[in-house]
């Protein structure tokens, strides 16, 4: 069952690219309580110019990340990368949202290099959340309160950065404890290199043999590595990145499926349609129509 009934969406004209949501203030780190919070720009698909860590304290809600629906429930913590597609259908009763810029995230990775492209912080992760135990919920809530106090009394970036890093490290370590797939040693560099190569080449290079050759690995060994560390094949990773790009383009622009097929290196429109339907069980047009307003719907952007 979908978390997103059609009348819960807030629509903009589909001829525009997906809008980017900026941080609410100029400060590099911001923290907010979900209680009573509502940002109309979150009602429709958008991308973030920032990273976000957020967890529910009470009540339940629903949102999507890269068009995949997720439930927000007490104790469930999500990590959202910069540039990911996000949409909120319903906020929970209360919780915490921590927003921070790229420099803050890089500082965290500098202090904790084993967390880079690993577990919760993996760009290709399709499980972007971790369920916290009662003690860890108390710990994170206490750190959040300290961060609020620090930011409200004149920001000391060293202290604020350390509070943020502690929050991220707790979440990252809990994720690795709950999920069996993690990366260490030489595997880290190979998998990270694979992800960088896929991000740079997925529009034109979509075979695992290409990436294996670039990394000096055999296709079999590279697939064994991704299965062991991520639970998926190299081809699965390529396909999911391509599908995310197709979905963002379909919803965020008025590009035709024919033009999109050309831009992404498919032989023709039926080739893209067959690929998309195989993985999403619906056609690109059907997917796009789920995010379009009905014919008698009046855009509410100006009145919100």
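The values are calculated or read from the model by the stated rules, or taken from the named source; none is laboratory data. Predicted model, so just to flag it, every value in this text is computed and none were measured. Neighbour counts are summed over all protein chains in view; Cβ atoms, including those assigned to glycine, are modelled from backbone coordinates with ideal geometry.
Would you point out which residue out of 208, 165 is closer than 30 Å to residue 262 by Cβ and either in contact (Cβ under 8 Å) with a residue 60 or more places away in the chain or surrounded by 14 or more Cβ atoms within 10 Å (Cβ to Cβ) (or both)?
Values: 165 fails: closer than 30 Å to residue 262 by Cβ.
Testing whether each residue is closer than 30 Å to residue 262 by Cβ and either in contact (Cβ under 8 Å) with a residue 60 or more places away in the chain or surrounded by 14 or more Cβ atoms within 10 Å (Cβ to Cβ) (or both) leaves just 208.
How about region 21-121: which strands (runs of 3 or more DSSP E) wholly inside it have at least 3 residues that are out of contact with any helix residue (DSSP H, G or I) (no Cβ under 9 Å at 6 or more places or on another chain), in the same structural domain as residue 158 (by TED's automatic domain parsing) and surrounded by fewer than 16 Cβ atoms within 10 Å (Cβ to Cβ)?
It comes to 68-72.
Could you grab me the full set of residues in region 180-205 that are surrounded by 15 or more Cβ atoms within 10 Å (Cβ to Cβ) and modelled with pLDDT under 85?
181, 182, 183, 188, 192
State the number of residues belonging to region 233-262 that are free of Cβ contacts under 8 Å to residues at least 24 places away in the same chain, more than 24 Å from residue 19 (Cβ to Cβ) and surrounded by fewer than 17 Cβ atoms within 10 Å (Cβ to Cβ).
So the answer is 2.
Suppose the filter is in contact (Cβ under 8 Å) with a residue 40 or more places away in the chain and loosely packed, with under 15 Cβ neighbours inside 10 Å; does residue 265 pass it?
When the stated conditions are applied, residue 265 passes them.
Hey, can you tell me all the residues within region 122-146 that are within 24 Å of the chain's Cα centre (by Cα) and either assigned to a helix (DSSP H, G or I) or over 30 Å from residue 232 (Cα atoms) (or both)?
136, 137, 140, 141, 143, 144
Just wondering, is there one or more residues in region 149-156 that are in contact with a strand residue (DSSP E or B) (Cβ under 7 Å, 6 or more places away or on another chain), in the same structural domain as residue 69 (by TED's automatic domain parsing) and at pLDDT 95 or above?
Here is the first cut: in region 149-156, the ones in contact with a strand residue (DSSP E or B) (Cβ under 7 Å, 6 or more places away or on another chain) are 151.
Then keep just the ones that are in the same structural domain as residue 69 (by TED's automatic domain parsing); that gives 151.
Right, trim to at pLDDT 95 or above and you get none.
No; the residues of region 149-156 include none that is in contact with a strand residue (DSSP E or B) (Cβ under 7 Å, 6 or more places away or on another chain), in the same structural domain as residue 69 (by TED's automatic domain parsing) and at pLDDT 95 or above.
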